[in-house]
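Q: This is the structure I want to talk about, given as structure tokens.
None of the figures in this text is laboratory data; all of them are computed from the coordinates on show. Keep in mind it's a predicted model, so treat the numbers as computed, not measured. FYI the Cβ positions are ideal-geometry reconstructions off the backbone, even for glycines, and counts take in every protein chain you see.
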Amino acid sequence: MNIDINNLSLKYKDFEALKNISFKLESGKIYGLLGRNGAGKTSLLSILASFREQTDGSLTIDGESPFENARIMQSVAFIYEKDYSDETEKVKGMLEVIERYRPNFDKEYANYLIKRFKLPLDKPVHKLSKGMQSALNVTLGLAGRTPITIFDEAYLGMDAPTREIFYKELLDDQAKHPRTMILSTHLVSEMDYLFDEVIVINQGSLVLHEEYETLASRGASITGSADKVDDFIIGMKQLNVQQLGNTKSVMVYGDLNENERQDAQLKGLEVGPISLQDLFIHLTSEED
Amino acid sequence: MKQQSFFSKVAVDMFYVQLKWSLWFLSFILTAHIIMIIVSINTGNPLGDFIFFSHGSSKIYMLVIGIISAYAFLTFYVNQGITRKDYFIGASLAAIGVSFAIAIIATLLTGLEYIILEMTNLPIELDRGMVDTVIESSDNSVSIFLPKAIVGSSILVHSSNWLLSMFMYTLNILSIYAVGWFIGSGYYRFGWIAGFGFIALAIAFIVIGDLLWGTDIEEPLSNWLPFTSIDLPLYGSFLGAIVLIGIILGFIRVITRRVTIKM
């Protein structure tokens, strides 16, 4: 199921949560949706999940608008941190609900994940710890095997080892049952390897949409003596500059071709990779 | 994947969940009723039978689970990928089912009550005609929720037709469920300030409902009305009640048709 977003806008009274966003998502890939708090990630995802309607523009899934569309809505799962303080249903009961309403649900796989996350089947959900509730959400999301599965900061509350289990299981299952996964996060550094493509939004606008591989090779950090670095980076897009004494380190965004790389080496400059985390921080922190 | 309607699943699931709550509720009311019978035997005060006794509480109960319908189930079902429309149809069918179930159970228990009292020859008088006793004991300001529709309704009071009583009971509690659902949907969509407006409208619906059954209105907010009761033939009351329920459901659908889901 392909997702096609065109000039999508969302306004709450005077506030523009999403501004003219356009991009396409192909099925079978894992997308990282990055943005700072309040950037509009959840607004975008809730339109995708038919929780709300956009003010302007279009969003189609498989060529159709998802809102109140039974076929599409059935294929989209939106996993976010829910308030379970009143949920007296047991873990087992939650699984039964998903089994009843999600046609691709895999019970065996769900039970496997339950064991993997060490979730108690007979405990009411509101009595689970925050981390366990997150693990349950993730279990329901993965085992539902919906063609479009959205994890909106679903890792909140999980400790690091549990998050690792989540990432591993997600990759394993994606390899066996490819679907469109959208992972929204600001924990960029530990999740970047999961993404096939990365979408960055900032203050309601699309900043970039690139393949992760391309993106990773897109930037570089150039380190060396200040005058040589300055000389080298003329005409390049600078993301960040750090200077210590006479040593300067500049992060640049844009392809470095072979000639440039050789040139840098000749000048005694060190060319290093930049992380998605760095890129993310610099792309979204400019206008403070 | 083929196009599928989910409303029947929603209807069955919501019916079972709410039936489970209702059985708890009815067992509490039954316990209270049995205690009242024992008190009544000892004091000699007259007592209404179970269908009469449970009616007022059932209405409050239905109001509450109606309000819950929007909050608990709408978010839940959209989360499962169910459309608002399927939720609406499913929840409506479930509400009708639950109303019938409660009415049928109440009627059966009342029949059982008469049989047991007949057989055991206990010195107790059950009837549905003690209009005055009940009204005096009730506070007018909250009396809209007390069993006035049945107390003042000439039909139920004098009717020995069980089936008729049961249908009246069903329609009465169903309309209150719809009112609760209406309030819940209004709050869900518009927040708490506009929500008060929905309560005002809800009271109007309840007053209209009472009028339809030929009940004297004693609820103080409606003193401005030029009349206190209207006379309708029996089928008119039934028809009117069904139309009223339909109108309230129509409002709920309009409110929830494109509502933003709370996260």
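Q: Tell me which residues come under 5 Å, amide H to amide H, from A:N202 once H is placed; ignore anything under 5 positions away on its chain.
A: Under 5 Å from the amide H of A:N202 lie the amide H atoms of A:V207, each far enough along the sequence or on another chain.
Q: Going down the table (A:K107/A:K127; A:K41/A:K82; A:K115/A:K168; A:K127/B:K262; A:K82/B:K9; A:K92/A:K118), which pairs top 19 Å between alpha carbons? Working shown, then result.
A: On the way: A:K107/A:K127 23 Å; A:K41/A:K82 16 Å; A:K115/A:K168 15 Å; A:K127/B:K262 22 Å; A:K82/B:K9 23 Å; A:K92/A:K118 13 Å.
From the list (A:K107/A:K127; A:K41/A:K82; A:K115/A:K168; A:K127/B:K262; A:K82/B:K9; A:K92/A:K118), the Cα-Cα distance tops 19 Å for A:K107/A:K127; A:K127/B:K262; A:K82/B:K9.
Q: Take the Cα atoms of the range A:108-186, find their three principal axes, and give me the spread along each one in whole Å, biggest first.
A: Largest first, the range A:108-186 extends 33, 31, 19 Å along its Cα principal axes.
Q: Once Rh for the range A:215-284 is found with the Kirkwood sum over Cα pairs, what is the Stokes-Einstein diffusion coefficient at 10 °C and 1.306 mPa s, in µm²/s? Spell out each step's value before the answer.
A: On the way: Rh = 12.0 Å.
The estimated diffusion coefficient comes to 133 µm²/s.
Q: Provide the percentage of antiparallel DSSP beta bridges, counting only those with both residues in chain A; round to the nearest 5. Each step should come with its number before you reach the end.
A: Values: 37 of 56 bridges.
Around 65 percent of the beta bridges assigned by DSSP in chain A are antiparallel ones.
Q: Turning to a different aspect of this structure: Suppose the chain between A:K107 and A:E211 were pulled fully straight at 0.36 nm per residue; how much longer would it get relative to their current alpha carbon spacing? Intermediate results must be reported in sequence, preceding the final value.
A: Numbers: separation 104, 0.36 × 104 = 37.44 nm, distance 3.32 nm.
Contour length minus Cα-Cα distance gives 34.1 nm.
Q: List the lysines whose alpha-carbon lies under 20 Å from that of A:K248, not counting same-chain residues fewer than 8 positions away?
A: Straight-distance partners of A:K248: A:K228, A:K237, A:K267.
Q: About the Cα centre of the range A:215-284, what is the dipole size in debye to 20, counting +1 per Lys and Arg Cβ and -1 per Asp and Glu Cβ, all else neutral?
A: Values: 6 positive and 9 negative charges, 27 e Å.
Around 140 debye, computed over the range A:215-284.
Q: Set the Förster distance to 30 Å, then compute FRET efficiency between B:R253 and A:S9 from the Cβ-Cβ distance, nearest 0.05.
A: Values: r = 28 Å, r/R0 = 0.92.
With R0 = 30 Å, the Cβ-Cβ based efficiency is 0.60.
Q: Long-range amide H contacts for A:L239: which residues qualify at under 5 Å (H placed 1.01 Å from N, peptide plane, sequence gap of 5 or more or a different chain)?
A: It is A:M251, A:V252, A:Y253, by chain and number.
Q: Take every DSSP beta bridge whose two residues both sit in the protein assembly as shown, then give the antiparallel share in percent to the nearest 5. Write out the running numbers ahead of the final one.
A: Values: 37 of 57 bridges.
Beta bridges within the protein assembly as shown, antiparallel portion: roughly 65 percent.
Q: So how compact is the range A:1-48: Cα radius of gyration and Dmax in angstrom?
A: In Å, with Rg to one decimal and Dmax whole: 11.5, 37.
Q: Next question. So for the pair B:A200, A:E81, with labels modelled 7 Å out along Cα→Cβ, what separation do we get in nm?
A: 3.9 nm
Q: Hey, another quick one. How many angstrom lie between the Cα centre of the range A:5-62 and the Cα centre of the range A:75-121?
A: 26 Å
Q: Report, ordered by chain and residue number, the aspartates and glutamates lying within cross-link reach of A:K24, taken as a straight Cα distance under 16 Å and ignoring same-chain residues fewer than 8 apart.
A: Answer for A:K24, where 16 Å is the Cα cut-off: A:D4, A:D62, A:E64, A:D196, A:E197, A:E210, A:E211, listed by chain and number.
Q: Using Stokes-Einstein with the Kirkwood hydrodynamic radius over Cα pairs, what translational diffusion coefficient do you get for chain A at 37 °C and a viscosity of 0.692 mPa s, in µm²/s rounded to a whole number? Write down the numbers at each step before the final one.
A: Values: Rh = 20.7 Å.
After rounding, the answer is 158 µm²/s.
Q: Note down the magnitude of the dipole of the protein assembly as shown about its Cα centre, charges +1 on Lys and Arg C-beta and -1 on Asp and Glu C-beta and zero elsewhere, to the nearest 20 debye. Walk me through the numbers on the way to the answer.
A: Numbers: 45 positive and 60 negative charges, 159 e Å.
Approximately 760 debye in magnitude.
Q: For B:L47, enumerate residues with amide H under 5 Å from its amide H, sequence gap 5+ or separate chain, H modeled in the peptide plane.
A: B:E125, B:D127
Q: Which aspartates and glutamates have a Cα less than 13 Å from the Cα of A:K19, not counting those fewer than 8 places away in the same chain?
A: The reachable aspartates and glutamates, counting only those whose Cα sits under 13 Å from A:K19, are A:D56.
Q: Something else: Ignoring the sites themselves, what is the longest stretch of chain A with no trypsin sites (Lys or Arg not before Pro) in a DSSP loop and at most 15 other beta-carbon atoms within 10 Å?
A: Values: sites that count: A:K13, A:K118, A:K267.
The longest such stretch corresponds to A:119-266.
Q: How large is ³J(HN,Hα), in whole Hz, for each residue of the range A:108-116 in order, when computed from phi with the Karplus curve 6.51 cos²θ - 1.76 cosθ + 1.60 and θ = phi - 60°, using x for Gly and Pro?
A: Each residue of the range A:108-116 in turn: 4, 5, 4, 5, 4, 5, 4, 5, 4 Hz.
Q: Need the C-alpha centroid separation for the range A:130-174 versus the range A:211-228, integer Å.
A: 33 Å
Q: Rounded to the nearest 0.05, what FRET efficiency is calculated for B:D231 and A:E16 with R0 set to 60 Å and r the Cβ-Cβ distance? Mind showing how you got there, number by number?
A: Details: r = 58 Å, r/R0 = 0.97.
Using R0 = 60 Å, I get an efficiency of 0.55.
Q: Would you please give the FRET efficiency between A:S27 and A:E164, computed as 1/(1 + (r/R0)^6) with r the Cβ-Cβ distance and R0 = 25 Å, to the nearest 0.05?
A: Details: r = 26 Å, r/R0 = 1.06.
With R0 = 25 Å, the Cβ-Cβ based efficiency is 0.40.
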